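The values are calculated or read from the model by the stated rules, or taken from the named source; none is laboratory data. Given the structure is predicted, the values throughout are model-derived calculations rather than measurements. Heads up: the accessible areas ignore ligands, DNA and RNA and are worked out on the full protein's heavy atoms, side chains in. Shrake-Rupley method; radii C 1.70, N 1.55, O 1.52, S 1.80 Å.
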Amino acid sequence: TLLGDAAHPVLPHTAQGAALAMEDAVALGLVLGRPGDPAAALRRYEAVRSKRTRQVVRAGPRIAALTTTRSRVRRSLRDAAIRLLPGMMLSGALRLHARDPHARLRNP
């Protein structure tokens, strides 16, 4: 069973390495804090965490491409979107993705 950067080495552009490691720690506490077979608990941890971390790891190259592009057109489009999108719209989009990553572990 792996956790932290060993389990999900994210690109620096993603800026989520430490957050994922803390989520891992909480998840391990949830599965190992219950009575039962520790090996089965670790398999549950792996099954639940793998989906979440895979999504974050896969976002890295897309974020890097957007933030480090040398294309003037892509930079202009990115910068215009940042200027034109109201902060509330952006914060609403972020709330859609701010789900409890441990919900499946809290409810066995």
Revision key, fill the gap. Going residue by residue through segment 6-14, the Karplus relation 6.51 cos²θ - 1.76 cosθ + 1.60 with θ = phi - 60° gives ³J(HN,Hα) values, rounded to whole Hz and with x marking Gly or Pro, of 5, 8, 8, x, 7, 5, x, 5, 6
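Leaving ligands, DNA and RNA out of it, report the carbon-plus-sulfur percent of the accessible area of the chain at a 1.4 Å probe.
Working: 4860 of 7660 Å².
Of the solvent-accessible surface of the chain, carbon and sulfur hold 63 percent.
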Review point. For segment 30-35, what does the Karplus curve 6.51 cos²θ - 1.76 cosθ + 1.60, with θ = phi - 60°, yield as ³J(HN,Hα) per residue in whole Hz, taken in order and with x for Gly and Pro?
Key: 5, 6, 8, x, 9, x
